[in-house]
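**Student:** One structure follows; several queries about it will come next.
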Amino acid sequence: MHLSSEEALDIIEGRASADQVRFWRNHAQTCASCEKQLGDWEGIRSLLNRQNLESAPESAVRMAEALYETPATEERVGIREIIASLVYDSFAEPALAGARGAAAAPHQFLLSAMEFDIHIRVWDSGPERRLTGQILCRDKQAEICGAQLHLLRDGKRLGSTQADVFGEFQFEEVPDGPLFLQIDLPRLTITGALNMR
């Protein structure tokens, strides 16, 4: 039978009965393992009771707590979400089938949503495929500069970029298959489907 950590702490902190303290002190004189256990806990206790220890500053405590707080989700009050219509897909046009140079021609899309037209061009550039585009708005007052754009597959972001002052944007390394383009404007989110071939 050996002294447990809980029993050692009870002895050191004065929670054990006088009989228990006497029993374990006598036992520790004949058992090296229990003597070491009791000595180790007494050493830890004395280190924790040192007078030079101070509590951490309140600002440091707040910073440490903030590391483990769940970040508040940004509420987008009044945001409308709409689906853009595919108006044009150059690969769906039968007139280009078999046309000379058609295989190397860029894949072009036109998406439309409310007063916004999104022109997209996809082409192979060496080993990778690039997507460039421009957001145009018939309402000249609309804020397009700084719009956030995300390329999605199965709900997961493959990449993100930002529109410049002309509404132009670009993605590198665009994969094959069905993708979605999400455009986040100040009070509107537009999502459009793109089928890469």
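The values are calculated or read from the model by the stated rules, or taken from the named source; none is laboratory data. None of the values given here were measured: they were computed from a predicted structure. Methodologically, a virtual Cβ is constructed for each residue, glycine included, from the backbone with ideal geometry; neighbour enumeration extends over all protein chains shown.
**Student:** Hey, could you check segment 110-169 for residues that are over 21 Å from D89 (Cα atoms) and touching an Asp or Glu at 6+ places or on another chain (Cβ under 6 Å) and say which is surrounded by the most Cβ atoms within 10 Å (Cβ to Cβ)?
**Tutor:** Q148
**Student:** Determine if segment 119-142 includes at least one residue that is under 15 Å from I83 (Cβ atoms) and either in contact with a Phe, Trp or Tyr (Cβ under 7 Å, 6 or more places away or on another chain) or not assigned by TED's automatic domain parsing to the domain that holds F91 (or both).
**Tutor:** No, segment 119-142 has no match at all.
**Student:** When you go through (1) exposed (fewer than 10 other Cβ atoms within 10 Å of the Cβ); (2) of a type in the set (D, E, K, R); (3) at pLDDT below 85; (4) part of a helix (DSSP H, G or I) one by one for E75, which number turns out not to apply?
**Tutor:** E75 satisfies all of (1) exposed (fewer than 10 other Cβ atoms within 10 Å of the Cβ); (2) of a type in the set (D, E, K, R); (3) at pLDDT below 85; (4) part of a helix (DSSP H, G or I) except (4).
**Student:** Please return the ranges of strands (runs of 3 or more DSSP E) entirely within segment 144-184 where 2 or more residues are under 17 Å from the mean Cα position of the chain (by Cα).
**Tutor:** In segment 144-184, the matching strands (runs of 3 or more DSSP E) lie at 148-153, 156-162.
**Student:** Go through segment 143-153 and count every residue that is modelled with pLDDT under 90 and closer than 17 Å to G192 by Cβ.
**Tutor:** Summing the residues that are modelled with pLDDT under 90 and closer than 17 Å to G192 by Cβ in segment 143-153 gives 1.
**Student:** Looking at (1) over 16 Å from M1 (Cβ atoms); (2) assigned to a helix (DSSP H, G or I); (3) not β-branched (V, I, T), which one does R15 not meet, given that it meets all the others?
**Tutor:** Unmet condition: (2).
**Student:** Looking at L53, L86, which one is at pLDDT 70 or above and among the hydrophobic types (A, V, I, L, M, F, W, C)?
**Tutor:** L86
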